[in-house]
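The block underneath contains the structure these notes are about, expressed in structure tokens.
A short reminder: the numbers here are calculations on the coordinates, not readings from a lab. Note that the structure is a prediction, hence the values are computed from the model and not measured. Every residue, glycine among them, receives a Cβ derived from its backbone with ideal geometry; neighbour counts consider all protein chains shown.
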Amino acid sequence: MGLLVGALTLGSALPHLLAGWAGAAADWRLTVQLSTLAALLGAFLVLGAGLRPYHARAQRFSPRALSLVWTDGWIRRAYGGYLGHMWELYALWAWMPVAATAAFMASMEREEAQFLATWVTFAAIALGAPSVVAAGWVAGRWGKANVALAAMGASLLAGLLTVASFGGPWGLTVGLFILWGIVVIPDSAQFSALVADAAPPELAGSLMTLQTALGFLLTFGTVQLAPVLAGALGWQAVLAALALGPAMGIWAMWRLREGRSQPLG
């Protein structure tokens, strides 16, 4: 799971790399076109993938998963942690270039700020990829819930420090945005793994599918609401609002860890 989410993270950084290479004066359509070509290449690579010897046919989606999400405390809290993570992640990835530009414009002209923000966003997202893989390795030794809890704590702290540095020395803000990008993603794979550990084998696929669907449904709201909130209160307020996600996730993971020694209801 760590390798899979790490690949997703690195791929998500690619359009920002293309935009940086194209330069600030380039038409945004060029970045979209090049990213689309990369996606088509990925589609052809998938054709070369086959089933492994131990592959088993997945069970059909079961409505029982809907009730188990609420009645099983472990699964419910793993879902809660994941939703807190998703509240923050894609809104940050989508709007970091704009928010960073607004922060850097306190020290430089708009064009220079946009150029720097593009490369900072690429670095922040891309450097998250190795952190996801490392988190997967550590989770096998330290525990998935512990890794998720530590990552969300680091993400919360990095986010609040970025808010505090907003409009200040641009070098400090650059470092904090990159740090935030590194620590915002390592917990992602842990939530699916926690659900898979707790789920009845015949419902594991249904529960993980539902978990992912709810998480991305939540991102529709956060990604669309971010610029609305920014227009009213500024990008600093948007970044502060993202902290609600890891805060909720920390609470959910803490409750999950506390409940290991007793039944979760």
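Modelled spin labels at Leu41 and Asp27, positioned 7 Å past Cα toward Cβ, are 2.2 nm from each other. Just want the answer: with Cβ charges of +1 for Lys and Arg and -1 for Asp and Glu, which residue in Trp93, Trp170, Ala151 is farthest toward the dipole's positive end in the chain? Positive-most Cα among the choices belongs to Ala151. For the chain, the Cβ-based charge dipole about the Cα centre amounts to some 840 debye (Lys, Arg positive; Asp, Glu negative; other atoms uncharged). In the chain, the DSSP-assigned H stretches of four residues or longer account for a calculated mean residue ellipticity at 222 nm of -27000 deg cm²/dmol, using -39500 (n - 2.57) per stretch and the full residue count as denominator.
Projecting the Cα atoms of Val238, Gly140, Leu10 onto the charge dipole of the chain (Cβ charges, centred on the Cα centre) puts Gly140 farthest toward the positive pole.
The packing ranking, built from the mean of other Cβ atoms within 10 Å per residue, places the peptides 84-91, 15-22 in the order 84-91, 15-22, highest first. In terms of its alpha-carbon gyration tensor, the range 126-265 comes out prolate; a/c meets the 1.5 threshold, and the first ratio a/b outweighs b/c.
Once you have a ≥ b ≥ c as the square roots of the Cα gyration tensor eigenvalues for the range 32-159, tell me rounded if a/c is under 1.5, and otherwise prolate or oblate according to whether a/b is larger than b/c. In terms of gyration-tensor shape, oblate. Look at the alpha carbon pairs under 8 Å that are at least 6 residues apart: their mean separation over the length of the chain gives a relative contact order of 33 percent. Computed about its Cα centre, the charge dipole of the range 27-121 is approximately 820 debye, with only Lys, Arg, Asp and Glu carrying charge at their Cβ. Helix 188-198 and the longest principal axis of the Cα set of the chain meet at an angle near 10°. Measuring r between the beta carbons of Leu217 and Leu4 and using R0 = 22 Å, the FRET efficiency lands at 0.60.
For the chain, the longest principal axis of the Cα atoms and the long axis of helix 28-46 meet at an angle of about 30 degrees. Between the helical axis of 244-258 and the longest alpha-carbon principal axis of the chain there is an angle of about 30 degrees. A value for semi-axes √(5λ) of the Cα gyration tensor in Å was derived from the coordinates, and within the list (i) 40, 23, 18; (ii) 33, 23, 16; (iii) 67, 19, 13 it appears as (ii). May I ask which residue of Ala117, Trp28, Ala189 lies farthest towards the positive end of the charge dipole of the chain, with charges of +1 (Lys, Arg) and -1 (Asp, Glu) on Cβ and the Cα centre as origin? The one lying farthest along the dipole's positive direction is Ala189. When both the range 18-49 and the range 95-143 are represented by their alpha-carbon centers, they are found 19 Å apart.
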